Amino acid sequence: MKGLLKKNSSTPLYNQLVTVLMDYIKTTLDIDEKMLSEREICVKYDVSRTTVRAALNELEEMGFIYKRHGKGTFVSGLWKEMKDLAESYSFTEQMKKLGKKPTTDIVSFETVHAIPYIADNLGINPGDDVYKLRRLRSADGMKMMVETTFIPTNYFQGLTLSQLESMPLYELYPKTYKQEIKYADEEFFASVAQKKEADQLDVPVGSACLRIYRTTYNQDNKIIEYTISVARGDQFTYKIRHVKK
């Protein structure tokens, strides 16, 4: 097992470990089965506890695991439960239509190497540079949604935090980088908030939430964004109009 990770690779160890553990979960463990402990993973893959914690945090964000205080880490079934949705969604526009004032707080912004899972969803190669943006979306001061967005750097060279703070992302794309949004595919499903998400949204653990996975395409049908969102279910509604053709 130790040979699965290449310590001389340009891909960070924690990224490699995320990929290996995702495969381990899919092929070996069942939903709600207890995950290997941090110590067991350290020994099994010959990595530091810091590397293990970074990988587990990533897996938790992607819906592969969840944590129970005092009991350990368990396999989540969230990644298996996604449903198709034919239309895209704009948080800002929906909040405005409801007469609410939308606000966005940037939690973090960094450049990282894309793990295979993210690379597949962006149509790029594993290890390519991507921007990783975490945002907290609120309406009338109430926390509504947390988002983690991955953006390929090749379409947005030199993207800065000050640019992101200056205007909404979907305005920045066309105005600064000539990237027009043509359409977006989304997958969403009902779920419950895990502790980390509940803390971010100021709701009790286990509260109803909506998980949204969005892939956004430009005018050339190229993927320019992949976003994972968690929205609180007691305040958030998702409306769709189906038209018979």
(request) Look through region 182-236, keep the residues that are small (Gly, Ala, Ser) and in contact with a helix residue (DSSP H, G or I) (Cβ under 7 Å, 6 or more places away or on another chain), and return whichever of them is nearest to residue 67 (Cα to Cα). (result) 193
(request) With the checklist (1) within 30 Å of residue 99 (Cβ to Cβ); (2) of a type in the set (Ser, Thr, Tyr); (3) not in a helix (DSSP H, G or I) in hand, flag the one item residue 173 doesn't pass. (result) (3)
(message) For region 226-239, check the following and say yes or no: at least one residue is in contact with a Gly (Cβ under 7 Å, 6 or more places away or on another chain), surrounded by fewer than 18 Cβ atoms within 10 Å (Cβ to Cβ) and either farther than 23 Å from residue 111 by Cβ or of a type in the set (S, T, N, Q) (or both).
(response) no
(message) I'd like the residue in region 46-59 that is closer than 30 Å to residue 145 by Cβ and open to solvent by 20 Å² or more (accessible area, probe 1.4 Å) and, out of all such residues, is modelled with the lowest pLDDT.
(response) 57
(request) Within region 124-169, work out how many residues are closer than 26 Å to residue 234 by Cβ and open to solvent by 50 Å² or more (accessible area, probe 1.4 Å). (result) 6
(request) Filter region 6-24 down to residues that are in a helix (DSSP H, G or I) and open to solvent by 30 Å² or more (accessible area, probe 1.4 Å), then give me how many there are. (result) 5
(message) Among the numbered criteria (1) under 12 Å from residue 17 (Cα atoms); (2) more than 19 Å from the chain's Cα centre (by Cα); (3) of a type in the set (A, V, I, L, M, F, W, C); (4) not in a loop (DSSP other than H, G, I, E, B), which one does residue 43 miss?
(response) (1)
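Give me the residue from region 202-236 that is assigned to a strand (DSSP E or B) and among the aliphatic types (A, V, I, L, M) and, out of that set, farthest from residue 146 (Cα to Cα).
223
Does residue 27 satisfy the condition of being open to solvent by 20 Å² or more (accessible area, probe 1.4 Å), in a helix (DSSP H, G or I) and within 23 Å of residue 196 (Cα to Cα)?
Criteria not met by residue 27.
Only one of these is of a type in the set (Phe, Trp, Tyr), modelled with pLDDT of 85 or more and surrounded by fewer than 19 Cβ atoms within 10 Å (Cβ to Cβ): 173, 177. Name it.
177
Residue by residue, here is whether (1) more than 30 Å from residue 6 (Cα to Cα); (2) in a helix (DSSP H, G or I); (3) modelled with pLDDT under 80 holds:
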| position | (1), (2), (3) |
| --- | --- |
| 79 | no, yes, yes |
| 88 | yes, no, yes |
| 93 | yes, yes, yes |
| 96 | yes, yes, yes |
| 104 | yes, no, no |
| 107 | yes, no, no |
| 120 | no, yes, no |
(message) Can you find a residue that is surrounded by 12 or more Cβ atoms within 10 Å (Cβ to Cβ), among the aliphatic types (A, V, I, L, M) and under 21 Å from residue 113 (Cβ atoms) anywhere in region 71-83?
(response) no
(request) Search region 46-69 for residues being outside any helix (DSSP H, G or I) and touching a residue at least 60 places away in the same chain (Cβ under 8 Å), and hand back the single one that is farthest from the chain's Cα centre (by Cα). (result) 69
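The values are calculated or read from the model by the stated rules, or taken from the named source; none is laboratory data. The structure presented is a predicted model; accordingly, all values stated were derived computationally and were not measured. Using ideal geometry, Cβ is built from the backbone for each residue, glycine included, and neighbour counts are taken over all protein chains shown. In case anyone asks, the SASA skips ligands and DNA or RNA and just uses the protein heavy atoms, side chains included. Shrake-Rupley method; radii C 1.70, N 1.55, O 1.52, S 1.80 Å.
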